[in-house]
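A quick write-up on the structure given underneath.
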Amino acid sequence: MEIATQYQPQDVENKWYAFWLEHNLFASKPDGRKPFSIVIPPPNVTGVLHMGHMLNNTIQDILVRRARMLGFNAVWVPGTDHASIATEAKVVNFLKEQGIDKRDLTREEFLKYAWEWKEKYGGIILKQLRKLGASCDWNRTKFTMDPELSEGVIDVFVDLYNKGKIYRGVRMVNWDPKALTAVSDEEVVYQEVQSKLYYVRYKIEDSDNEYITIATTRPETILGDTAICMHPEDERYMHLKGKRAIVPIVNRSVPLIFDEYVEREFGTGALKVTPAHDINDYNLGQKYKLQTINIFNDNGTLNEAAQFLVGMDRFEARKAIIPLLEEAGALVKIEDYVNKVGYSERTHEVIEPKLSMQWFCNMEALAKPALEVVMNDTIKFYPDKFKNTYAHWMENVKDWCISRQLWWGHRIPAYYLPNNEFVVAKNIEEAFAIAKEKYPELNLQISDLKQDEDVLDTWFSSWLWPMSVFDGVRNPDNEEIKYYYPTATLITAPDIIFFWVARMIMAGLEYRGEVPFRHVYFKGTVRDKLHRKMSKQLGNSPDPLMLIDKFGADGVRLGMLLSSPAGNDLLFDEALCEQGRNFSNKIWNAFRLVKGWAVDGSLEQPEHCALAVKWFKMKFNEALKEIEDHFLKYRLSDALMTVYKLMWDDFCSWFLEMVKPAYQHPIDAKTYNDIIDIFDNLMKLLHPFMPFITEELWHGLRDRGENESIMLQTMPKYDPALSDEDFLSRFGEMQRVVESIRRVRSEKNIAQKNPVELCVLKPQGDSKMDSIIYKLCNVSEIKYVSEKQPQAFTFIEQNIEYFIPFGQNVNTEEEADKLKKELEYAEKFLQSVMKKLSNEKFVNGAPENIVALERKKQSDAEEKIRILKEQLARL
RNA sequence: GGGAGCAUAGCUCAGCUGGUUUAGAGCACCUGCCUUACAAGCAGGGGGUCACAAGUUCGAAUCUUGUUGUUCCCACCA
């Protein structure tokens, strides 16, 4: 059989993914087994795969594939999120490119375009996930605006409204003047910007020439000022109590108020108050019953109320107002200033605080039990440091603004009546029925009801995701939700802990009385190796599909995971994928080697092979224990590294070299079958990490049936009965002897093809272990001697002297130097041990076994020193 | 401004309730090898006063306190 020397992943990966789909191996239905479910954090329907998704979904796939092989009925539910702001913005831009303005469209027309756009471009990301090997049950693919999911969202809204948890009210909200919608506090990102601080003086009313100077970063809002505020204990302004000032340009008389909110040290200690356009000013306005003058239109231009610069954009107005202030003699000075400005996360537009009528969800009652389940570890966070962050937010939770002034999303099921009242109901018919009963005097027609124009915040559907994908909101007693809920593990990023994780917990407890997941694994941010976030502007974000093309999906999966402890950032470097690819190739070649051997059934199994098999099985078993422990703690990188070393070092470098038959010689059947068994188990162990190559090689190892897959095999399990400490330690000693012989060969330039003799200063040895030394080291003879050997390279293992005689060629000086170094080391070591042992307090105070250990160290070191000194003397 | 985390080899990280030699891994690096599975490889090697200081202890990378540096979260002083 011809097998290429280099592994070519492309064909293999496509072949097996198609095979898995064809045989429906990702599909799951409730049955008698224990469930293991994961719901995908739904990516934006318009999104394309980036490195963050790669990491996140690799982790999910590993957990799901492993669970399947551990005998769970595992399901991974895929889907996408409608992402109202992001998607609507994309559709608006798309239409603009075609010369269509959203404002010229009706809601229905726009939504028709949006759906068309979604059908055409949406869900690309799910196709891309297949390249990664994601074992999602694709038949279950959900979209947050699917009819049944939407129905659930509306049900929840109506229910919370009826419970009094949802209310409508005027509040200061974060307004995005580009998207023309309110956004939640969590969707605002603050950035430091270089700006200016303007000092402006206001004339004191009824005074000759008295002024008060304030400092502001937003002079254009002067047009909406309705007060000046100072600290009540500020000596400089005491005399102004009870007076009024004149706002420049508009010449409005406003009161001077005093409140402790003002920071005396900042600026002049006097603050202009614009209740309509600043959250703090708004609070002052409420407290002192100030007039509120809204000078902005929704798109951020100045309106009639401003009187001046009407129609101008807020940033233009900020410049244009300067000459007006100068003209009025009000501008005192301008300073450079660095301040923080809030931007909309989605549109990157500067947020404008705005008073508006919005819908809110009261969080207090929902938050309480949700905090508790995390604090008492009903839900476990990995790493658990995020409990702090979570607790802090939950304890200070504020009401959630859930309305968005958009069209793409779940429309709020509130229906307004001609008398300005409204009713909340699942649909217009129900609303009509309620309204008729409530207001018989209105003689209502159904056409009198006008539905609220706003849609719900995207997270108001996402928070139901672990329930809604199993239709558990609409239909809470169905078999699926009862079987799969709660899900096993949520894999997500810490930056959406409040947006999403916290709210899913609230919704789960509210609607099922049960947590939505047992564990939450927080992955880190994927950054480049210079610790910068991946971004389009920097161009430091590699295209995942190109990486897969270059290194294979298995290689990339490994690359993602090689350095990614939970909660730590992943510093991505293509070199990691290269390492993954190299590992694929290593496995591939191990396979080539094994498959290249001829098997001779008549041969006896040699001693060294029997021993090697015994050793590897034990080693494998030890590794299983370690790996199981790592998985329990979600230390996936460590689990992977354990498998990696088991495969590369123990299996390839040691085991295969030990059992490898001489060139063009056949191997005995017993050993061969053991090797195939071992290889088989290694593939199973590796499969969750590298699904493709393991499936390929698993099929290559033995004749498999047409429908067989490694996915359906049982994961090997740690067996405590198999471990034999004594054997492993004797084997380890032998390995160290082998390494020492190699070191001598390397240092003395003795080629592997030249056989050497090994003399051991010891009455007798372990012939079994010796058989391996013969096999690995090209040793012509191992002699047990009672005399030290002259003219030989020497080394010491476990205080036994070994000699490799080499005639006259020994450079005594060099050997002596080496021995001196070793001696020096041993003496220093002995000193440190003696320091401890000569300390009476240590000998009396420390536990016996620790002291005994130190005494053992002492005698070992003394013995070694004695041997070294003898050797030196002989030289 | 408030809070949390981190600081161990060139890089990324392990190191569990203090004691298994004088602190480990992977990558990178250096030396020698195209040896018959793999140069995407093999064999060998070098590299760290565990951020700093003090304390607790017979004993500290590990516990306490302080200092410095760094990251993240929350708040949002015009």
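The values are calculated or read from the model by the stated rules, or taken from the named source; none is laboratory data. None of these values were measured; they are calculated from a predicted model. Cβ placement follows ideal geometry from the backbone for every residue including glycine, while neighbour counts extend to all protein chains displayed. Heavy atoms of the whole protein, side chains included, go into the accessibility calculation; ligands, DNA and RNA do not. Shrake-Rupley method; radii C 1.70, N 1.55, O 1.52, S 1.80 Å.
As an exercise, use a Förster radius of 56 Å and the Cβ-Cβ distance of A:Ile434 and A:Ala391 to find the FRET efficiency, rounded to the nearest 0.05. About 0.90, to the nearest 0.05. DSSP assigns beta bridges within chain A; of those with both partners inside it, close to 70 percent run antiparallel. Once the other residues with Cβ under 13 Å from the Cβ of A:Phe381 are scored (Lys, Arg +1; Asp, Glu -1), what is the net sum? Summing Lys and Arg as +1 and Asp and Glu as -1 gives +4. Mind checking the angle between helix A:107-121 and chain A's longest principal axis? C-alpha axes, 0 to 90 degrees, to the nearest 10. Value to nearest ten degrees: 10. Within the shell defined by Cβ-Cβ distances under 13 Å, the residues around A:Ala435 carry a net charge of -3, with Lys and Arg each +1 and Asp and Glu each -1. Only helices enter this figure: runs of n ≥ 4 DSSP H residues, each worth -39500 (n - 2.57), summed and divided by the residues of chain A, yield -13500 deg cm²/dmol at 222 nm to the nearest 500. Computed from backbone phi, the HN-Hα couplings of segment A:433-447 come to 4, 5, 5, 4, 5, 6, 10, x, 5, 7, 6, 5, 9, 4, 6 Hz, rounded to whole numbers (Karplus: 6.51 cos²θ - 1.76 cosθ + 1.60, θ = phi - 60°; Gly and Pro given as x). Solvent exposure of chain A amounts to 47 Å² per residue of accessible area, where only protein heavy atoms count and the probe is 1.4 Å.
Share of chain A's accessible area from carbon and sulfur, percent, 1.4 Å? Exposed carbon and sulfur together represent 48 percent of the surface. Computed over segment A:411-496, relative contact order equals 24 percent, with contacts defined as Cα pairs under 8 Å that lie 6+ residues apart.
Annotation for segment A:693-729: GluC sites (Glu not before Pro) lying in DSSP loop with at most 10 further Cβ atoms inside 10 Å of their Cβ are A:Glu706. Can you give the angle from 0 to 90° between the axis of helix A:574-595 and the longest principal axis of chain A, with both taken from C-alpha atoms, to the nearest 10? Helix A:574-595 and the main axis of chain A meet at about 40 degrees. Modelled label positions at A:Glu345 and A:Glu260, each set 7 Å beyond Cα in the direction of Cβ, lie 3.4 nm from each other. Seen against the Cα atoms of chain A and their longest principal axis, helix A:314-327 is set at about 50 degrees. Packing order of peptides A:102-108, A:853-859, A:555-561, highest average first: A:555-561, A:853-859, A:102-108 (average count of other Cβ atoms within 10 Å over each peptide's residues). For segment A:1-103, the relative contact order is 31 percent, taking Cα pairs closer than 8 Å that sit 6 or more residues apart in sequence and dividing their mean separation by the residue count. Restriction of the GluC sites (Glu not before Pro) in segment A:559-626 to DSSP coil positions whose beta-carbon has at most 12 other beta-carbons within 10 angstrom yields A:Glu604. Potential lengthening of the chain between A:Phe315 and A:Asn778 amounts to 158.5 nm, from the contour at 0.36 nm per residue minus the alpha-carbon distance. Simple point charges give the picture: +1 on the Cβ of Lys and Arg, -1 on the Cβ of Asp and Glu, and for chain A a dipole about the Cα centre of about 1100 debye. Counting charges near A:Lys821 (Lys, Arg +1; Asp, Glu -1) among other residues having Cβ under 15 Å from its Cβ returns a value of -2. Residues within the reach of a label modelled at A:Glu814 (point 7 angstrom out along Cα to beta-carbon, backbone nitrogen below 18 Å), restricted to segment A:778-793, are A:790-793. Placing R0 at 35 angstrom, the Cβ-Cβ distance between A:Val851 and A:Asn582 gives a FRET efficiency of 0.15 after rounding to 0.05. Between A:Arg518 and A:Val48, the simple label model (points 7 Å from Cα in the Cβ direction) yields a spacing of 3.9 nm. Does anything in segment A:751-775 have its amide N under 13 Å from the 7 Å Cα→Cβ label point of A:Gln791, and if so which residues? It comes to no residues whatsoever.
Ordering A:396-406, A:230-240 by mean Cβ neighbour count within 10 Å, with the highest value first, yields A:396-406, A:230-240.
Normalising the average separation of contacting C-alpha pairs (under 8 angstrom, six or more residues apart) by the number of residues puts the relative contact order of chain A at 12 percent. Judged by the mean number of other Cβ atoms found within 10 Å, the most tightly packed of the peptides A:274-284, A:339-349 leads the ranking A:274-284, A:339-349.
Which residue, chosen from A:Met560, A:Pro413, A:Met647, occupies the Cα position most advanced towards the positive end of the dipole of chain A, where the dipole is computed from +1 (Lys, Arg) and -1 (Asp, Glu) charges on Cβ about the Cα centre? Sorting the options by dipole projection puts first A:Met647. The gain in end-to-end length when the A:Lys633 to A:Lys529 segment is fully stretched comes to 34.8 nm, 0.36 nm per residue minus the alpha carbon separation. Cross-link reach is defined here as a Cα-Cα straight distance under 21 Å, omitting same-chain residues fewer than 8 places apart; for A:Lys287 the lysines meeting it are A:Lys241, A:Lys243, A:Lys272, A:Lys354, A:Lys398. Within segment A:207-288, antiparallel bridges make up roughly 75 percent of the DSSP beta bridges whose residues both belong there. Distance between the modelled labels on A:Lys426 and A:Asp384, one decimal in nanometres: 4.4 nm (7 Å Cα→Cβ projection).
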